[in-house]
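*Asks:* What follows is a single structure, and I will ask about it in a moment.
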């Protein structure tokens, strides 16, 4: 693939990810193409269907989750608290609501094997990090990877403008509440 074509494809995925997080995975593909600065034909040359684009968005997010987990695991030994809080903050930044929307929309057999495999690998990585921070006494023993990912996905769901205006610090506040609730009793 030529460099310019690869860049366009990456931009389509980036914009789809942003739009899926903000509006759900049923956003018009024309809107995705426009946001990426390409025509709808270019979008379809890269992704033959909405499902193919949703798969690519999911794979990008799951890859970022794995990378964030690997980085956090590297830091757990020297600073478990900082590694844990930094990891949760990184999950918030990853627009997990886009992943939730994509997986919920295509939870049937339409999800590709590669997305299923990447999802399982990402959850295994989250569980590995949870094991490390549990051992450090930072996280309660009954917290599971899927619960953490779903909680962050719910916290980062798009909110109506009126709610965001009335509570501009809502997401950071909810994250701090969730982090406190994950502590051992």
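*Asks:* Quick one: count up the residues across segment 27-40 that are touching a helix residue (DSSP H, G or I) at 6+ places or on another chain (Cβ under 7 Å) and either closer than 18 Å to residue 156 by Cα or assigned to a helix (DSSP H, G or I) (or both).
*Replies:* Summing the residues that are touching a helix residue (DSSP H, G or I) at 6+ places or on another chain (Cβ under 7 Å) and either closer than 18 Å to residue 156 by Cα or assigned to a helix (DSSP H, G or I) (or both) in segment 27-40 gives 9.
*Asks:* Restricting to segment 25-69, count the residues that are more than 25 Å from residue 93 (Cα to Cα) and surrounded by fewer than 18 Cβ atoms within 10 Å (Cβ to Cβ).
*Replies:* First, the residues of segment 25-69 that are more than 25 Å from residue 93 (Cα to Cα): 30, 38-49.
When the remaining residues are screened for being surrounded by fewer than 18 Cβ atoms within 10 Å (Cβ to Cβ), the result is 30, 39-42, 44-45, 48-49.
Residues flagged as more than 25 Å from residue 93 (Cα to Cα) and surrounded by fewer than 18 Cβ atoms within 10 Å (Cβ to Cβ) within segment 25-69 amount to 9.
*Asks:* Do we find a residue being under 26 Å from residue 15 (Cβ atoms) and outside any helix (DSSP H, G or I) anywhere in segment 88-95?
*Replies:* yes
*Asks:* Still on this model: Can you pull out the residues in segment 144-178 that are assigned to a helix (DSSP H, G or I), free of Cβ contacts under 8 Å to residues at least 12 places away in the same chain and touching a helix residue (DSSP H, G or I) at 6+ places or on another chain (Cβ under 8 Å)? Show your work before the answer.
*Replies:* So the first thing to find is which residues in segment 144-178 are assigned to a helix (DSSP H, G or I), and the list is 145-155, 161-166, 170-178.
Filter once more, so that each one left must be free of Cβ contacts under 8 Å to residues at least 12 places away in the same chain: 147, 161-166, 170, 172-173, 176-177.
Correct list: 163, 164, 170.
*Asks:* Another question, then. Got a sec? Which of 62, 53, 43 is over 21 Å from the mean Cα position of the chain (by Cα), part of a helix (DSSP H, G or I) and closer than 15 Å to residue 16 by Cβ? Explain how you work it out, then say what you get.
*Replies:* Details: 62 fails: over 21 Å from the mean Cα position of the chain (by Cα); 53 fails: over 21 Å from the mean Cα position of the chain (by Cα).
The conditions single out 43.
*Asks:* For the condition within 15 Å of the chain's Cα centre (by Cα) and either under 22 Å from residue 17 (Cβ atoms) or surrounded by 13 or more Cβ atoms within 10 Å (Cβ to Cβ) (or both), what is the one hit in 146, 174? Talk me through it step by step, then tell me what you get.
*Replies:* On the way: 174 fails: within 15 Å of the chain's Cα centre (by Cα).
Matching residue, one of 146, 174: 146.
*Asks:* Return yes or no: is residue 110 at pLDDT below 95 and surrounded by fewer than 15 Cβ atoms within 10 Å (Cβ to Cβ)?
*Replies:* Values: at pLDDT below 95: yes; surrounded by fewer than 15 Cβ atoms within 10 Å (Cβ to Cβ): yes.
Against the criterion (at pLDDT below 95 and surrounded by fewer than 15 Cβ atoms within 10 Å (Cβ to Cβ)), residue 110 qualifies.
*Asks:* Output the residues belonging to segment 116-143 that are in contact (Cβ under 8 Å) with a residue 40 or more places away in the chain, in a loop (DSSP other than H, G, I, E, B) and surrounded by fewer than 20 Cβ atoms within 10 Å (Cβ to Cβ).
*Replies:* 136, 137, 138, 140, 141, listed by residue number.
The values are calculated or read from the model by the stated rules, or taken from the named source; none is laboratory data. All of these numbers come straight from a predicted model, not from anything done at the bench. Using ideal geometry, Cβ is built from the backbone for each residue, glycine included, and neighbour counts are taken over all protein chains shown.
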